[in-house]
Amino acid sequence: MADTKWVYGFDEVSAAEEAVGSWDAVRGLLGGKGANLGEMTRLGIPVPPGFTVTTEACLAYLEAGEQFPPGSWEQVEEQLARVESTTGKRFGDPENPLLVSCRSGAKFSMPGMMDTVLNIGLNDEVAGGMTALTGDERFVYDSYRRLIQMFGSVVLGHHDDDFEVVLERHRHRAGVTSDSELSVEDLKEIVEEFKRIATRFPSDPKEQLRLAAEAVFKSWNGKRAIDYRNAAGIAHDLGTAVNIQTMVFGNTGNDSGTGVAMSRNATTGENKIEGDYLTNAQGEDVVAGIRATKPIDQLADEMPEMYRQFAETAHRLEQHYREMQDMEFTIERGKLWLLQTRDGKRTAQAAVRIAVDLADEGLIDRREAVMRVTPDQVDFFLHPQFGAESKQAAVKLAVGLNVSPGAAVGVIAFDADLAEKWAKEDGKRVIMVRPETKPDDVHGMLAAEGILTSRGGRTSHAALVARQFGKPAVVGVAALEIDMQGRTMQVAGEQVNEGDWISIDGTTGDVYLGKLDTVVPDIEDPWLMKLLGWADELRRLAVRANADYPVDAERARTYGAQGIGLTRTEHMFFETERLPIVQKMIMTTSATERREALDALLPYQREDFRGLFRAMHGLPVIIRLIDPPLHEFLPAHDDLTRALADNKIRLRSASSLAEIDGLLEQIERDEQVLARVEALHEANPMLGTRGVRLGIMLPDLTKMQVRAIFEAACEVAKEGLEVLPEIMIPLTSHVNELKRQREVLEAEAKAVMTEKGIEIAYLFGTMIEIPRAALTADEVAEYAEFFSFGTNDLTQTTFGVSRDDAEAGFLISYLQEGILDENPFATLDEHGVGKLMRIAVEAGRNTRPGLEVGICGEHGGDPKSIELCHRLGLDYVSCSPFRVPIARLAAAQAAVRFDG
Ligand code: PEP
Ligand code: MG
């Protein structure tokens with residue numbers, strides 16, 4: 001411990017790399033910001049000299065009960081001395097003072113932590129000395145008041161508003177609107193007033209530095225930081241580094257300035273520098289959105305040489321990091337300094353476009369491009385947007401900056417706590433509306449559907465956080481006059497109150513009154529198409545869709561589905577004209593009447609299948625025969641008894657013979673249905689007469705379905721289209737069930753093909769959704785040419801948990817208490833359900849090499865489950881049409897991860 005190196009100069013990054021081995025470990029040790037400041041220094045990019053106190057020092061400090069580890073503070077002083085000799089200035093020396101900034105910097109960027117204190121090293125004497133040195137008293141006192149203000153709020157925990165009130169009073173008195181117009185006298189008074197607020201502000205520069213560094217360390221365990229890490233999935237044992245860096249000043253006149261910019265557009269991904277800057281200002285002015293910033297393009301006119309140098313540096317950094325960069329810079333009297341660079345946060349659209357462009361530019365290869373986009377980002381393309389009609393009819397209140405795309409609708413909450421409460425406890429959809437957001441608003445932002453602010457730019461806190469979490473956001477809507485006390489806002493002549501509905505469009509920046517309808521966009525983004533095309537080249541799993549209707553099948557095909565993995569035929573039974581026929585089929589005890597009902601259903605089913613085969617011509621279509629228990633097609637028991645009771649009461653007061661006749665008829669019909677419902681009643685119908693058991697009990701029913709499938713297939717084949725039907729039996733638990741059904745059904749299929757005079761190639765297979773079927777898969781495969789894991793049922797039967805009830809009940813507590821890590825109905829339970837799947841795949845393929853195996857439960861669209869399916873050697877995953885693009889990407893990423 002005694003010879004541990006706790007502090008690294010920015011010019012010592014190579015030593016750090018040597019000590020810890022890899023760049024990733026350097027980022028772990030020095031934090032992202034510190035590592036990049038070191039890297040920029042190594043590249044010869046102008047970075048103000050400074051040093052980083054390591055994350056190890058932070059962890060040791062916290063572990064020792066908030067004590068610097070032995071020797072570490074001495075190392076800080078040594079590094080400070082090095083900076084003094086490089087800059088020729090001295091910390092705390094009024095003659096030629098060195099001022100420094102102190103910033104937190106964890107391995108992963110965390111807006112939940114203490115961020116920055118600028119101008120450390122100023123006190124009354126130093127301010128006096130600096131005035132003499134620079135001759136710019138205004139600049140000195142402006143810097144001084146900023147130090148006390150930042151130190152007061154971020155280190156000493158005062159409310160920022162306490163300082164803002166003072167500034168506001170002075171602005172008002174002086175009749176000016178911005179702080180930069182305040183006079184020296186005003187600023188001097190403000191400094192004194194600030195000191196009376198921040199009474200514990202130390203005048204000793206070393207003490208300022210020590211307290212600021214300690215505040216950074218402590219902020220790692222602050223509630224905001226913990227909440228943020230929980231939400232972003234960042235480990236809690238990493239610690240944060242502290243970066244201490246020579247101050248350079250953007251507020252020394254009109255040849256100075258400061259800004260934040262991305263090397264590409266973070267919203268669209270366009271390869272064009274995007275950002276904001278301010279002349280004669282210090283860094284936090286830009287980020288806080290207090291002054292109206294200028295777009296970076298304007299710098300090219302205002303300071304062309306500075307713009308050229310910045311653009312060149314941005315390009316160099318991009319080439320070096322092979323990634324879009326988010327940079328902070330300061331121009332001090334015509335000299336450009338880089339204060340930070342990091343991989344830029346971006347919208348989903350930008351993530352896709354940047355990954356594809358970087359690959360096209362040769363900076364990364366296609367595999368890397370595919371790995372850089374997350375399945376969630378692809379999901380964004382399928383997110384709701386406002387419908388054109390709904391937009392036309394709506395009242396547009398204002399337009400702001402479109403910083404995080406997507407449509408969001410909700411009731412207004414003016415603070416983060418209320419937003420969180422309404423969303424979590426009351427189940428409301430909320431739009432969080434604020435003048436601007438700060439790190440302690442993050443919990444409200446996460447709970448909200450969308451974020452709206454009246455101030456701030458593209459790089460403001462609200463914009464960054466919203467983009468990272470994919471929340472639609474509109475910021476900088478100057479037209480909003482928010483009255484926090486009155487919990488109301490004025491905009492476009494309307495008064496809108498907390499709790500009122502608004503709709504925001506993060507794609508366009510529009511803000512609407514009321515609740516707009518949303519629609520899901522078509523994915524036509526050319527970069528996404530290209531990326532998914534690359535993913536298709538990498539993946540081994542095919543992707544099919546679960547679709548019941550031709551329109552779904554068509555959509556699935558446009559999204560890239562390679563077939564249908566599940567058609568739930570019973571969904572077709574519920575349509576209005578068909579349900580009475582289905583009910584008749586269930587009610588009757590006469591074989592003839594049943595036959596008639598089935599004959600009447602056949603043309604409907606044939607038509608459905610014809611549509612599906614046409615839409616999916618050339619691709620396999622799995623059609624699953626009827627699955628649910630029959631009582632689901634009859635009215636509910638409670639409804640029937642209620643209707644009977646009502647009609648019996650009505651009968652007593654009936655006034656005409658016709659009415660009595662009508663009621664009697666109805667009562668008789670209902671009594672018959674009730675008797676049948678009661679006869680079909682099962683205590684647990686999900687484990688009762690359903691699936692293949694229905695086909696065994698009522699073979700005519702599944703025969704009718706098979707006939708409809710083959711009649712449709714023969715007709716479509718005669719049209720010249722290729723049809724590839726796969727007949728799937730649900731809920732098999734014993735091979736004999738399959739054997740019995742297969743005999744009956746194949747005979748029917750052959751009969752149809754003979755009648756039609758055409759042969760159709762088809763497969764006959766089963767779902768695996770009962771543990772017994774998985775365990776005896778070697779036997780089952782004798783009669784099945786394919787398996788499809790119905791993991792909804794397989795999860796329910798493996799856990800012995802009802803899929804319909806669990807998620808509303810104890811499962812939530814299990815997840816909260818950590819008994820289960822993940823909801824097994826969302827992500828496959830690898831150790832249980834996954835083990836059964838592995839057994840089934842192996843045993844099935846032992847019996848029948850080349851057995852086609854897929855999955856059609858909800859897990860087929862879940863990236864983590866898709867990865868397991870890849871490892872289990874499945875042939876395909878099948879999911880809802882809207883998840884097909886996500887599955888294509890997830891399957892490619894699994895292939896890259898596991899097959900190299
Ligand atoms: C399943 O059980 O996973 C399945 C796909 O079938 P269903 O959801 O229709 O029971
Ligand atoms: Mg099922």
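Cα centroid separation, region 692-721 to region 297-336: 67 Å. Using only side-chain charges placed at the Cβ, +1 for Lys and Arg and -1 for Asp and Glu, the dipole size of the chain relative to its Cα centre rounds to 1020 debye. Cross-link partners among lysines for Lys835, C-alpha distance below 30 Å, same-chain residues fewer than 8 apart left out? Leaving aside lysines fewer than 8 places away in the same chain, those within reach of Lys835 are Lys739, Lys864.
Given a cut-off of under 8 Å on Cα pairs at least six residues apart, what relative contact order in percent is computed for the chain?
Values: 1824 pairs, mean separation 77.2, N = 900.
Relative contact order for the chain comes out at 9 percent.
In whole angstrom, how far apart do the alpha carbon centroids of region 171-192 and region 821-892 sit? Taking the Cα centre of each part, region 171-192 and region 821-892 sit 66 Å apart. With Cα atoms defining each centre, region 566-635 and region 6-80 are spaced 69 Å apart in the structure. In the chain, one over the average inverse separation of all distinct C-alpha pairs is 31.7 Å, which is the Kirkwood hydrodynamic radius.
Amide H contacts for Ile364 (H built 1.01 Å from N in the peptide plane; partners 5 or more residues away or on another chain; cut-off under 5 Å): Ala359.
If you place +1 on the Cβ of every Lys and Arg, -1 on the Cβ of every Asp and Glu, and leave all else neutral, what size is the dipole of region 797-900 about its Cα centre, to the nearest 20 Debye? Spell out each step's value before the answer.
Details: 10 positive and 15 negative charges, 97 e Å.
It comes to approximately 460 debye.
The Cα atoms of region 202-251 cover 37, 25, 16 Å along the three principal axes, with the biggest extent listed first.
In percent, what relative contact order does region 695-766 have, based on Cα pairs under 8 Å that are 6 or more apart in sequence? Walk me through the intermediate numbers first.
On the way: 68 pairs, mean separation 33.8, N = 72.
Taking the mean separation of contacting Cα pairs over the length of region 695-766, I get 47 percent.
One quarter of the convex hull surface built on the alpha carbon atoms of region 311-383 amounts to 5.6 nm², the projected area averaged over directions.
Would you calculate the convex hull of the Cα atoms in region 475-540 and tell me its volume per residue in Å³?
Working: hull volume 10.6 nm³, N = 66.
For region 475-540, the hull spanned by Cα atoms encloses 160 Å³ per residue.
In the chain, a dipole from Cβ-located charges (positive for Lys and Arg, negative for Asp and Glu) runs towards its positive end, and of Ala266, Tyr559, Val20 it is Tyr559 whose Cα lies farthest in that direction.
At 24 Å minimum axial length over the Cα atoms and a Kyte-Doolittle cut of 0.0, report the qualifying DSSP H helices in the chain, or say none.
Details: long enough: 304-321 (25 Å, -1.43); 591-615 (35 Å, -0.78); 657-680 (34 Å, 0.04); 699-718 (28 Å, 0.13); 735-756 (31 Å, -0.84).
Helices passing the filter in the chain: 657-680, 699-718.
Would you kindly work out the equivalent ellipsoid of region 843-898 from its C-alpha gyration tensor and give its semi-axes, the square roots of five times the eigenvalues, largest first in whole Å?
On the way: eigenvalues 85, 35, 13 Å².
Its equivalent ellipsoid spans semi-axes of 21, 13, 8 Å.
Per-residue ellipticity at 222 nm from helix content only, as computed over the chain with -39500 (n - 2.57) for each DSSP H run of at least four residues, stands at -15000 deg cm²/dmol. A probe of 1.4 angstrom, applied to the heavy atoms of all protein chains, finds Lys835 with accessible area near 130 square angstrom. Taking GluC sites (Glu not before Pro) across region 1-72, the ones in a DSSP loop with at most 13 further Cβ atoms lying within 10 angstrom of their Cβ are Glu66.
Remark on region 666-797: Rg and Dmax equal 17.4, 53 Å (Cα only).
Going from the alpha-carbon gyration tensor of region 2-152, what semi-axes, largest first and in whole Å, does one get by taking the root of 5 times each eigenvalue? Don't jump to the answer; show the numbers that get you there.
Numbers: eigenvalues 165, 60, 47 Å².
Working from the Cα gyration tensor, I get semi-axes of 29, 17, 15 Å.
When the pairs Lys294/Lys471; Lys107/Lys206; Lys703/Lys756; Lys206/Lys294; Lys584/Lys703 are compared against a 28 Å limit on Cα-Cα distance, Lys206/Lys294 fall above it.
Restricting things to alpha carbons, find the Rg to Rh ratio for region 773-891 using the Kirkwood radius for Rh.
Numbers: Rg = 14.6 Å, Rh = 14.7 Å.
Looking at region 773-891, the ratio lands at 0.99.
Placing +1 at every Lys and Arg Cβ and -1 at every Asp and Glu Cβ, with all other atoms neutral, what dipole size does region 721-776 have around its Cα centre, in debye to the nearest 20?
Dipole about the Cα centre, nearest 20: 240 debye.
The values are calculated or read from the model by the stated rules, or taken from the named source; none is laboratory data. In this text, all values refer to a predicted model and were calculated from it rather than measured experimentally. Backbone-built Cβ (ideal geometry, glycine too); neighbour counts: all protein chains shown. Accessible surface is based on the protein model in full, side chains and every heavy atom, while ligands, DNA and RNA are left aside. Shrake-Rupley method; radii C 1.70, N 1.55, O 1.52, S 1.80 Å.
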